[in-house]
Amino acid sequence: MERTGKDPSAYIELLPAERREEMSRLDALISARMEGHSRALWAGTFWGGTEQTIRVLFLIGPLNLRSRRAVEKIGGVAVGSRVDAGGRESIVYQITPTAARPALLWSPSNIRSDFPS
């Protein structure tokens, strides 16, 4: 993956109408949270183009509908649930390379390690 130097807003405008609306809303949410950080569009072969089994797991509270919907929009699929040591239930979402949707990313060099989560 490489930073393209292209304008993320221009990329969003070229998407089909149904994807453009979703991506615009997602971009606005992320931009609000990452205020003060530059936006970047990344493209290219991920992980050198080799066939690898890579997945990302998200543990989200069952009542946290906003986060659940956001993860679903980027290709997350609910694959089960789990209960932690404190007795709290989480829905387990998984994203695999084949299920992942294109997304806007911020350059890691632009994100402070002390940025509050």
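Only the coordinates and a few stated rules stand behind these numbers; no lab work does. What you see is a predicted model, and the numbers here were worked out from it, not measured in a lab. Counting neighbours? That spans all protein chains shown, and the Cβs are built from the backbone with ideal geometry, glycine included.
Extension gain S81-L15, at 0.36 nm per residue separation less the Cα-Cα distance, in nm? Intermediate results must be reported in sequence, preceding the final value.
Details: separation 66, 0.36 × 66 = 23.76 nm, distance 3.37 nm.
Result: 20.4 nm gained on full extension.
Between R66 and I30, residue separation times 0.36 nm minus the direct Cα-Cα distance comes to 11.7 nm.
Approximating the spin labels as points 7 Å out from Cα along Cα→Cβ, the K6-to-K73 distance works out to 2.1 nm. With 0.36 nm allotted per residue and the present C-alpha distance subtracted, the V56-A43 stretch has 2.8 nm of extension available.
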